[in-house]
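K.L.:
Okay, here's the structure, questions in a sec.
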Amino acid sequence: MPRLVLFDIDGTILRDDGVAREAYAVALREIYGHERSLRPYDFSGLTDPQITRIVLGDAGYSSDEISSKIDALWEVYLREMRSRISGQRVRLMPGVVALLELLEGEGDAVLGLLTGNIEPGARIKLGSHELNGYFPFGAFGSDSAVRAELPPIAALRAAEHTGLRFAPCDVVIIGDSVHDIRCAVPYEATSIAVPTGPTPAEALIAESPTHFFETLEPGPRLLEAILGR
Ligand SMILES: [Mg+2]
């Protein structure tokens with residue numbers, strides 16, 4: 001049975017040099033009139049809808065107000081993302097492309113995404129370096145605001161895509177935030193944490209991921225952790 005290997009995007013595959021934050025701030029202003037700085041927030045590992053509820057909730061918007069305009073928010077966010085994104089601004093994390101290449105050539109791995117990004121936002125970020133081809137499916141912030149609900153959704157999509165039924169013990173979740181590690185726990189998937197995003201290594205290790213690596217540069221230990229052999 002192959003492993004289903006699910007990658008987080010921000011801080012794990014790439015860092016976008018603030019592109020998404022800029023686009024999001026413009027969208028918040030245009031749609032909700034929200035002017036406050038986003039600087040105090042650490043969005044790492046949160047889903048886009050979750051972030052929106054936190055930021056607008058803090059500014060006193062009601063849940064109904066937030067819901068009523070959220071589709072318009074995403075429209076502006078995506079428009080602004082498309083106008084800002086470029087391969088120069090988006091930096092790939094060390095070893096990621098080599099690892100994707102290796103796993104794709106490996107009959108024992110099926111690749112997917114598990115990210116808090118809404119799907120079109122995820123596709124824009126990955127498209128800046130033409131990485132979408134590695135990930136024909138995934139589970140996204142647009143599927144659920146709650147990250148812990150994303151692993152079974154990803155497994156379902158993987159089944160639709162491959163015809164294989166992945167049990168939790170066949171699923172590996174790779175990410176840079178405490179939320180990536182935590183969403184693997186109730187699902188009983190393997191978690192692999194890397195400190196290539198804003199979260200310090202100690203904070204990740206404190207969550208007891210199944211494995212911890214400094215980077216995703218492929219080596220025998222990392223491949224063994226991912227493929228389980
Ligand atoms: Mg991340």
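K.L.:
Val96 is checked against (1) crowded, with 20+ Cβ neighbours inside 10 Å; (2) closer than 30 Å to Ala193 by Cβ; (3) not assigned by TED's automatic domain parsing to the domain that holds Arg123 and fails just one. What number does that condition carry?
P.N.:
Condition (3) is where Val96 drops out.
K.L.:
List the number of the failed condition for Ile54; all other conditions in (1) in contact with a Pro (Cβ under 9 Å, 6 or more places away or on another chain); (2) in a helix (DSSP H, G or I); (3) loosely packed, with under 15 Cβ neighbours inside 10 Å hold.
P.N.:
Every listed condition holds for Ile54 apart from (1).
K.L.:
Quick check on my filter: what residues within region 108-130 are touching a His at 6+ places or on another chain (Cβ under 9 Å) and either more than 19 Å from Val5 (Cα to Cα) or within 16 Å of the ligand (Cβ to nearest atom) (or both)?
P.N.:
Taking region 108-130 and keeping what is touching a His at 6+ places or on another chain (Cβ under 9 Å), we get 110, 112, 116.
Matches in region 108-130: Gly112, Gly116.
K.L.:
Next question. Quick check, is Ser67 over 28 Å from Phe166 (Cβ atoms), in a helix (DSSP H, G or I), free of Cβ contacts under 8 Å to residues at least 24 places away in the same chain and among the hydroxyl-bearing types (Ser, Thr, Tyr)?
P.N.:
Values: over 28 Å from Phe166 (Cβ atoms): yes; in a helix (DSSP H, G or I): yes; free of Cβ contacts under 8 Å to residues at least 24 places away in the same chain: yes; among the hydroxyl-bearing types (Ser, Thr, Tyr): yes.
Considered against the rule, which asks whether it is over 28 Å from Phe166 (Cβ atoms), in a helix (DSSP H, G or I), free of Cβ contacts under 8 Å to residues at least 24 places away in the same chain and among the hydroxyl-bearing types (Ser, Thr, Tyr), Ser67 comes out as yes.
K.L.:
Next question. Would you point out which residue out of Val185, Val178 is surrounded by fewer than 19 Cβ atoms within 10 Å (Cβ to Cβ), among the aliphatic types (A, V, I, L, M), away from the ligand (no atom under 13 Å from the Cβ) and within 17 Å of the chain's Cα centre (by Cα)? If you could, list the steps in order and put the result at the bottom.
P.N.:
Values: Val178 fails: away from the ligand (no atom under 13 Å from the Cβ).
When all the criteria are applied, what remains is Val185.
K.L.:
Tell me, please, whether a residue that is away from the ligand (no atom under 16 Å from the Cβ), part of a loop (DSSP other than H, G, I, E, B), of a type outside the set (Ser, Thr, Tyr) and within 30 Å of Leu73 (Cα to Cα) can be found in region 137-144.
P.N.:
Yes; the residues of region 137-144 include at least one that is away from the ligand (no atom under 16 Å from the Cβ), part of a loop (DSSP other than H, G, I, E, B), of a type outside the set (Ser, Thr, Tyr) and within 30 Å of Leu73 (Cα to Cα).
K.L.:
Against the condition within 16 Å of the ligand (Cβ to nearest atom) and in the same structural domain as Ala167 (by TED's automatic domain parsing), how does Thr47 come out, does it pass? So that I can check it myself, show each step before the final result.
P.N.:
Numbers: within 16 Å of the ligand (Cβ to nearest atom): yes; in the same structural domain as Ala167 (by TED's automatic domain parsing): no.
Here the answer is no, as Thr47 does not meet what is asked.
K.L.:
May I ask you to list pairs of residues, at least six apart or on different chains, whose Cβ atoms are under 8 Å apart, with the first in region 1-15 being assigned to a loop (DSSP other than H, G, I, E, B) and the second being near the ligand (Cβ under 10 Å from one of its atoms) and among the acidic types (Asp, Glu)?
P.N.:
Close Cβ pairs satisfying both conditions: Asp8/Asp176; Asp8/Asp180; Gly11/Asp176; Thr12/Asp176; Thr12/Asp180.
K.L.:
Moving on to the next point. Any chance you could count how many residues in region 40-69 are more than 20 Å from the chain's Cα centre (by Cα) and not small (Gly, Ala, Ser)? Reasoning before the result, please.
P.N.:
Of the residues in region 40-69, the ones more than 20 Å from the chain's Cα centre (by Cα) are 40, 56-69.
From what is left, the residues that are not small (Gly, Ala, Ser) are 40, 56, 58, 61, 64-66, 69.
So the answer is 8.
K.L.:
Based on what the data block shows, is Gly87 at pLDDT below 95, more than 19 Å from Val194 (Cα to Cα) and out of contact with any Gly (no Cβ under 9 Å at 6 or more places or on another chain)?
P.N.:
On the way: at pLDDT below 95: yes; more than 19 Å from Val194 (Cα to Cα): yes; out of contact with any Gly (no Cβ under 9 Å at 6 or more places or on another chain): yes.
Answer is yes for this residue.
The values are calculated or read from the model by the stated rules, or taken from the named source; none is laboratory data. As the structure is a prediction and not an experimental result, all values here were calculated from the model. When we count neighbours, we look across all protein chains shown, and the Cβ atoms used for this are built from the backbone with ideal geometry, even at glycine.
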